[in-house]
Amino acid sequence: MSINIYADTLHDVFSNGKYEGNMRLGYQSHEVENDTRDEFAAGLTFHLETASYYGLQAGATLFTSQGNGEEGFEGVPFFDENNDNYTILSEAYLKGTFSNTVLTLGRQTVDTPFADSDDIGMAHNTFEACTLVNTDIQDTTLFLSQVQKWSGVDSPAPSSFTDVNGDDGMQILGITYEGIDKTTVAGWFYNLNNEVKISYLETNYEDETDRFTYGAALQYAYQDYERGENSTIYGTAAFLSVKKVGLTTTIAYNTVDGAAADNFFGGGPFFTNAEHNTLREAGPDGDIVLYTLEWDASVAGMEGLTFVANIDMHQDHAREYDFGMGYSYNDSVDFSAVFSDVEKDEDAFKNLRMFANYSF
């Protein structure tokens with residue numbers, strides 16, 4: 001009897017599991033000095049996760065990107081490090097949920113300030129890690145992680161998992177507190193032994209009236225390198241949304257004291273990061289101002305349609321204009337496009353990316 005009961009239970013673990021996926025078509029055009037190159041890609045992401053068995057689950061995600069990548073293409077990576085088609089098991093994990101604690105071991109998606117998914121191309125970043133998330137303390141989330149490897153759009157080799165700081169890996173500690181009315185406060189610490197230690201603080205405030213939604217944010221980061229260099233980063237941002245016209249305007253500012261800031265393992269948390277130029281490109285002692293205007297066209301009867309424009313101005317030597325749109329046809333189908341006109345010192349390029357997504 002015990003063998004039959006055990007078998008039936010295992011059968012339920014798989015039969016009651018869930019699956020989901022995404023099919024993505026991507027197009028990219030990149031122009032440098034009147035030389036324009038194009039790429040097309042078709043991507044498939046398929047994710048499986050078992051039902052819980054005494055709090056334990058297993059999950060896996062298979063990803064593939066197939067298309068016409070060519071060597072030397074300089075845009076956002078759609079393919080592997082050689083710009084070839086590739087397939088990868090981007091997630092493969094065991095997860096245990098015990099009361100208010102979730103422990104995940106293996107390849108997984110992680111979203112923190114300096115290690116994040118950054119879904120800007122065909123495949124987002126994933127990490128080989130052991131991660132613990134605990135919510136025992138009211139209004140507080142505790143995050144602990146030991147990260148060993150990573151893969152994805154920002155990594156050196158998207159088609160494989162490469163080391164994060166050799167055998168030592170990276171240790172992450174994060175605390176998020178939401179017990180203050182309309183305010184979220186977060187603190188993070190990253191340790192890469194013999195390389196760098198990173199401290200990060202951020203606070204966000206948001207409120208609304210019948211006519212407006214408004215908010216502000218502050219950030220601070222300290223990147224302390226073992227080689228003796230360091231950078232101190234300050235940032236502030238504010239936004240105002242007028243509900244009746246669907247218009248949101250945002251202004252953000254970052255300044256760096258010391259060595260150039262770094263985004264590390266993802267798109268980075270800095271308020272002024274744009275599609276291509278980020279605070280890293282501002283260099284040592286740099287400053288950036290970002291202006292953003294977004295319009296929700298549903299106020300004009302075009303449900304699911306949004307437009308956004310960015311102007312990203314680096315101190316004296318760089319600027320970027322971004323113009324984007326997004327359209328959500330329904331819960332399963334959406335489209336997006338973004339055009340960027342970028343200058344940095346003597347370099348300049350134009351980039352257009354378009355995506356169609358079907359989720360199932």
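The values are calculated or read from the model by the stated rules, or taken from the named source; none is laboratory data. Predicted model only: the values in this text are computed from it and were never measured. Cβ coordinates were reconstructed from backbone atoms using ideal geometry, including for glycine residues, and neighbour counts include every protein chain displayed. The accessibility values were calculated without ligands, DNA or RNA, using every heavy atom of the protein model including side chains. Shrake-Rupley method; radii C 1.70, N 1.55, O 1.52, S 1.80 Å.
Some points to look at:
- Counted residues, region 311-333 - those being open to solvent by 30 Å² or more (accessible area, probe 1.4 Å) and either at pLDDT 95 or above or assigned to a loop (DSSP other than H, G, I, E, B) (or both): 14
- Selected residue (criterion: nearest to Leu279 (Cα to Cα)) from residues of region 334-358 that are touching a residue at least 24 places away in the same chain (Cβ under 8 Å) and open to solvent by less than 40 Å² (accessible area, probe 1.4 Å): Val342
- From Val153, Val164, residue being in contact with a strand residue (DSSP E or B) (Cβ under 6 Å, 6 or more places away or on another chain) and open to solvent by less than 30 Å² (accessible area, probe 1.4 Å): Val164
- Taken over region 169-218, the residue count meeting the criterion of being within 23 Å of Gly246 (Cα to Cα) and assigned to a loop (DSSP other than H, G, I, E, B) is 4.
- The C-beta contact set for region 68-85 (first residue under 14 Å from Ala42 (Cα atoms) and open to solvent by less than 80 Å² (accessible area, probe 1.4 Å), second residue aromatic (Phe, Trp, Tyr) and at pLDDT 95 or above, distance under 8 angstrom, 6+ apart or interchain) comprises Asn68/Phe40; Gly69/Phe78; Gly69/Phe79; Phe79/Tyr86; Asp80/Tyr86; Asn85/Phe79.
- The single residue among Ala216, Ala274, Ala260 that is touching a residue at least 60 places away in the same chain (Cβ under 8 Å) and in contact with a strand residue (DSSP E or B) (Cβ under 9 Å, 6 or more places away or on another chain) turns out to be Ala274.
- Val289 vs. criteria within 20 Å of the chain's Cα centre (by Cα), within 16 Å of Thr249 (Cα to Cα), open to solvent by 30 Å² or more (accessible area, probe 1.4 Å) and of a type outside the set (S, T, N, Q): no
- Exactly one residue among Leu132, Leu142, Leu173 is open to solvent by 60 Å² or more (accessible area, probe 1.4 Å) and not charged (D, E, K, R), and that residue is Leu173.
- Checked against (1) within 27 Å of Leu44 (Cα to Cα); (2) open to solvent by less than 60 Å² (accessible area, probe 1.4 Å); (3) assigned to a loop (DSSP other than H, G, I, E, B), Ala92 meets all criteria but (3).
- Comparison of Ala300, Ala261, Ala309, Ala318 shows that the only residue that is among the aliphatic types (A, V, I, L, M) and within 15 Å of Thr232 (Cα to Cα) is Ala261.
- Only one of the numbered conditions (1) open to solvent by 50 Å² or more (accessible area, probe 1.4 Å); (2) modelled with pLDDT of 95 or more is violated by Ser52, and that is (2).
- Selection count, region 239-259, where residues are among the small types (Gly, Ala, Ser) and open to solvent by 40 Å² or more (accessible area, probe 1.4 Å): 0
- Any hit, region 70-93, residues being at pLDDT 95 or above and farther than 29 Å from Met354 by Cβ: yes
- The lone exception for Gly304 - which of (1) at positive phi; (2) open to solvent by 50 Å² or more (accessible area, probe 1.4 Å) it fails: (2)
- Gly59 touching an Asp or Glu at 6+ places or on another chain (Cβ under 7 Å), open to solvent by 20 Å² or more (accessible area, probe 1.4 Å) and at negative phi: no
- Val185 being modelled with pLDDT of 95 or more and open to solvent by less than 30 Å² (accessible area, probe 1.4 Å): no
- Among the residues of region 292-310, those that are assigned to a strand (DSSP E or B) and closer than 12 Å to Thr248 by Cβ comprise Thr292, Leu293, Glu294, Trp295, Asp296, Thr306, Phe307, Val308, Ala309.
- Single residue of region 188-221 satisfying the filter (open to solvent by less than 70 Å² (accessible area, probe 1.4 Å) and of a type in the set (Phe, Trp, Tyr)) that is nearest to Asp287 (Cα to Cα): Tyr200
- Looking only at residues in region 1-49 that are aliphatic (A, V, I, L, M), in a strand (DSSP E or B) and over 19 Å from Leu89 (Cα atoms), the one that is modelled with the highest pLDDT is Leu25.
- Identity of the residue in region 22-45, without any contact (Cβ under 8 Å) to a residue 60 or more places away in the chain and of a type in the set (A, V, I, L, M, F, W, C), that ends up nearest to Phe63 (Cα to Cα): Leu44
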